Amino acid sequence: MDLFIAIFTGTIIAATPLIFAALGELVVEKSGVLNLGIEGMMLMGAALAFWAVTAGFSMPVAILAGALAGAAASLLFGVLALTFLTNQYAAGLALAIFGSGVSAFLGRGFGSDPIEALHRVNIPYLSDLPVIGPLLFRFDPMVYLALLMFGAISWFLYRTKAGLVLRTIGESPQTSHAIGYPVIRIRYMAVLFGGAMAGLAGAYLSVAYTPLWVENMTAGKGWIALALVVFATWRPLRILLGAWLFGGMTILQLQGQALGLNVPSELLSALPYLATIVVLVLISRNRQMLALHFPASLAKPFRPAN
Amino acid sequence: MHFRIEQRPEPSAPMRVAAPVLATALTVIVGSIFFASLGHDPLATLYAFFIEPLSSMNGLSEWLLKASPLILIACGLAIGFRANVWNIGAEGQFTMGAIAASGVGLFWPNPESALLLPLMFVAGMGAGMAWAAIPAFLRARMNTNEILVTLMMTYIATLFLSYLVHGPWRDPAGFNYPQTALLPTAAMLQSFDPAYRLNSSIFITVVAVIAMWLFTDRSFLGYKMSVSGAAPLAARYAGFRESAAVWIGLLAGGAAAGIAGMAEAAGPLGQLSPQISPGYGFAAIIVAFIGRLNAFGIVIGGLLMSLLFLGGEGVQMTLGLPSALTRIFQGILLFFLLAADFFIFYRIRLVREKA
């Protein structure tokens, strides 16, 4: 039972940064923009949040700093992709490289000591329930925030007019522009939002998940988040499910190491990357399913004719 | 009065040349502001970064030594990029090339065989191609996004290398360091002059540049590749299948990266360790873009990028600045370069409002 609880809660926690980053990217891609720079934005968010904690700021401020760092980084991408009509693949890659450099540069003064991690909250009464309590009501606040964001983004995209406008822009910016919507401005807002979410994901890694600073500590989670959006065929609920699947993979790998399985630790560490490939293959074979919710103008630059 | 962005009737040829120069100049300016904000004399730092490395024979040798793999890999990648095939995993293909070549060098029964280096070359190239063939197969047959697969394959290659040097291939006499034994002499590319590290692998790069130029600018197949990138529908009408572009693009990148990995292991390093690449595979992506996916542009881009690596190492030693600076400069340079490209197609006009 204890092992089950450990695996279950570990899965939820490991999935949290993926949920933040992938949901943010979903909103960006739904607006028709492809930002490959998640890894860089996450690293900037992780570095800033970690720095804020060591500088003595409170935990909420530190996490906010991480989100702002991610948004600031995404603005660099936004200017290139939206104002300068750059190839979005190249602009995103530039951001990924730049973010890893900047975060390593900032992180050179952080030392190797862990910080005090974000506290878990024991929700009164509920957390004392047998079995259910430890399973559901003893997480840190960011875990609940991630679920809240899932609800909010699902509602926004499919139940509000603004969400409909955003999706229309992702399908056909020309039409949206002709009707009178500010395509570029809305895409900027989506890109900034996606950056803030990636920043939150990074902040979660450095102040809650592994509360210490390691260079390139995202270890490809930003790229896995990108893969999740494809895997989810641009649907929020599937992002949630996919993130839990990958979270579970990460935890099984750690548990496998702890249980002393007689396989090289590197093989276990490679599992999430292998799983990403396998899952991408399974989902990509079904072209119809991919096309169903695919934003038709994804990664195509748009400039309103003047 | 206000500024207005106008599309040029035709792409500006002068801007095509001026854009990279402008981007480099802006990178230098931002860099000096950055150095000044850190409390270093910007001029002295820029001198240490960009000029000092080139002021000695050793510096020049190191410059070419680092430019060589960057140019080689970028040539391979650019063939794919031209056809919109995004191989982002050259770092992994480089790693697999280095592993395969070192494996042959370390375990071939006759360590003095004259065949050793050619065999290592073939092994490195083959391993790089094999590692790229997986995403090529998945993209061509299963429609799987090659960006994500090549990246995931890079993480897997890095873990495989880590497994080998920590486990079965670890040098028992290596004081427990995660590294293999040194390659035998016959498995090493000899340097031109024992005082410097530059070796004959640079000729491989020269051949690659010429081969790439012939392919992209002089062959019908290369032409079809470019068409399939610029106008996929037109290419399909002309009977050129997308999957052909995927295979050619990815295998070219994998072969080049694998050869570069072989040359690095058999050249300056002489053994495998977890740190076989200072990020050549990723930097080569930028080199390909700086070079506008053109063979001779890539040569210039590679020289520029290797100078960034060299300068980064230089200021790390002389001023104690961290090596992450190199990646920051690479990122900034690419940002400016991409932004500057805008002015090839657009111009900003000052418009007077009528009174």
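The values are calculated or read from the model by the stated rules, or taken from the named source; none is laboratory data. Treat the numbers as computed from the prediction; the structure is a model and nothing was measured. When we count neighbours, we look across all protein chains shown, and the Cβ atoms used for this are built from the backbone with ideal geometry, even at glycine.
Structure notes:
- Residue match in the range B:154-177 (condition: surrounded by 15 or more Cβ atoms within 10 Å (Cβ to Cβ), more than 14 Å from chain A (Cβ to nearest Cβ), assigned to a loop (DSSP other than H, G, I, E, B) and among the polar types (S, T, N, Q)): no
- Those residues of the range B:138-148 which are at pLDDT below 95, assigned to a helix (DSSP H, G or I), within 8 Å of chain A (Cβ to nearest Cβ) and surrounded by 20 or more Cβ atoms within 10 Å (Cβ to Cβ), in sequence order: B:ILE147, B:LEU148
- Taken over the range A:260-306, the criterion of being outside any helix (DSSP H, G or I), under 30 Å from A:THR83 (Cα atoms) and of a type outside the set (D, E, K, R) is satisfied by A:HIS293, A:PHE294, A:PRO295, A:ALA296, A:SER297, A:LEU298, A:ALA299, A:PRO301, A:PHE302, A:PRO304, A:ALA305, A:ASN306.
- Just so you know, in the range A:90-116 the residues that are more than 7 Å from every other protein chain (Cβ to nearest Cβ) and assigned to a helix (DSSP H, G or I) include one that is surrounded by the fewest Cβ atoms within 10 Å (Cβ to Cβ), and it is A:LEU106.
- Scanning the range A:251-306 for residues that are among the β-branched types (Val, Ile, Thr) and within 30 Å of B:ARG139 (Cβ to Cβ) turns up A:VAL263, A:THR276, A:ILE277, A:VAL278, A:VAL279, A:VAL281, A:ILE283.
- Some residue of the range A:24-35 being under 19 Å from the mean Cα position of the chain (by Cα), closer than 14 Å to A:GLY99 by Cα and surrounded by 18 or more Cβ atoms within 10 Å (Cβ to Cβ): yes
- Residues (farther than 20 Å from A:ALA21 by Cβ, away from chain B (no Cβ under 11 Å) and either in contact (Cβ under 8 Å) with a residue 60 or more places away in the chain or hydroxyl-bearing (Ser, Thr, Tyr) (or both)) located in the range A:60-89: A:LEU82
- Scanning the range B:102-124 turns up no residue that is under 26 Å from B:ASN145 (Cβ atoms), within 24 Å of the chain's Cα centre (by Cα) and not hydroxyl-bearing (Ser, Thr, Tyr).
- Residue among A:TRP213, A:TRP223 that is more than 10 Å from chain B (Cβ to nearest Cβ) and of a type outside the set (S, T, N, Q): A:TRP213
- Residue match in the range B:115-137 (condition: within 13 Å of chain A (Cβ to nearest Cβ) and without any contact (Cβ under 8 Å) to a residue 40 or more places away in the chain): yes
- Filter result for A:LEU290 (out of contact with any Cys (no Cβ under 7 Å at 6 or more places or on another chain) and without any contact (Cβ under 8 Å) to a residue 12 or more places away in the chain): no
- Given (1) away from chain B (no Cβ under 11 Å); (2) closer than 24 Å to A:TYR89 by Cβ, index of the condition A:SER284 fails: (1)
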